[in-house]
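The values are calculated or read from the model by the stated rules, or taken from the named source; none is laboratory data. Note that this is a predicted model, so its numbers are computed, not measured. Here the Cβ positions follow ideal geometry from the backbone for every residue, glycine too, while neighbour counts run over all protein chains shown. Heads up: the accessible areas ignore ligands, DNA and RNA and are worked out on the full protein's heavy atoms, side chains in. Shrake-Rupley method; radii C 1.70, N 1.55, O 1.52, S 1.80 Å.
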Amino acid sequence: MYGPEPPPQTPAPTPVSAAQFRVKAAFMKTWKPGQTPSNRDRLELYAWHKQAVTGDAPLTTSPNTAQDAASRAKWNAWRSKRGM
């Protein structure tokens, strides 16, 4: 009665059969978005992908100043996800 209430329980995920998974996987292979993502959204997706696959951006390496602006933007976006 006293003290904080416990957090609500989240329902367990519904199990998916192999057949259902194959149907959804086939759908995703042909799915097209309603509109093209903006450059900002694409950069954010790149940063999350790079962080998930590679991990944190190295602290000692930075993009070469001679590289194009797109490479620097990618590096900075990846670096912004450090520690996540």
Quick one: residue 34 ticks every box in (1) more than 19 Å from the chain's Cα centre (by Cα); (2) open to solvent by 100 Å² or more (accessible area, probe 1.4 Å) bar one, so which box is it? (2)
Looking at this structure, is residue 9 loosely packed, with under 10 Cβ neighbours inside 10 Å and either modelled with pLDDT of 90 or more or over 30 Å from residue 79 (Cβ atoms) (or both)? yes
